[in-house]
Structures are given as C-alpha cells and as structure tokens.
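All remarks here apply to the structure that follows.
The values are calculated or read from the model by the stated rules, or taken from the named source; none is laboratory data. For clarity, every value in this text was computed on a predicted model and none was experimentally measured. Calculation scope for accessible area: heavy atoms of the full protein, side chains included, ligands and nucleic acids excluded. Shrake-Rupley method; radii C 1.70, N 1.55, O 1.52, S 1.80 Å.
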Amino acid sequence: QVQLVESRGGLVQAGGSLRLSCAASGSIFLFADMGWYRQAPGKQRELVARITSGGSTTYTDSVKGRFTISRDNAKKTVYLQMHSLGPEDTAVYYCTLILTMANYWGQGTQVTVSS
C-alpha cells in the first residue's frame, strides 16, 4: 500500500514563493512517475507538473518558468518549488504517484495566494 504525505501549504503574498514536498512509502516510488495536480474552487483538477522515474519533467503552460518539480529517490520525496505565485495559483495541491493501472493520491494541501 502506497501512502503519500504532503507538507503543509500556506498563505503567501502574490509574487512570493513556496515549496511543497510529498513523502512516499514503499519502494515502488523509485519506478513510478510522480505528479502534482491542483484543484481550484469550481474548477476541474489539473495536472501541474510531472516527473518521470528517470527525472524528465513536463509542466502545464501556466506554470512553465515559475514552477519546478524534482525528486529525491533516496528520500522517496517529490518537491514542487513555486515562484512568482499569483492569485490564480490558489488551489488545493495534490501529490500523486502515477502507475499504469492506478494513481495514488496525497491528502491535498491548500495553497492560497493573496493579491
């Protein structure tokens, strides 16, 4: 059973930065892609960033150049470094471990950006 534990988000002013982390249990982390999704009020959940087991990364257009996803396989942890945050980044952020047949999800953490 995979468990994903996310760090607390928080309240940040526009233009600020925040780093989220997600610690995984189980060795499957080493072989899985990891991702960060977010869901804003009234909107669908969207994939923000993804990192493969080999370290390749992809981002949704709205965060390119501002967000960086990374992973530390020794710590079984994935990170999302966010810069130049704006009110449009306010959402609940979810860590996910991506497998062919299913995804595992963290509990979600609220990020609120004040203008």
Under a GNM of the chain (C-alpha, springs under 10 Å), which listed residue has the highest mean-square fluctuation: T60, T96, T52? T60
Per the 1.4 Å probe, what fraction of the accessible area of the chain, in percent, lies on carbon and sulfur atoms? 49 percent
Rounded to the nearest whole Å², what accessible area per residue is found for the chain with the 1.4 Å probe? 53 Å²
Between D33 and residues 5 or more places away or on another chain, the pairs with built amide H atoms under 5 Å apart involve S53, I98
Relative contact order of the chain, please, whole-number percent, based on alpha carbon pairs below 8 angstrom and at least 6 residues apart. 37 percent
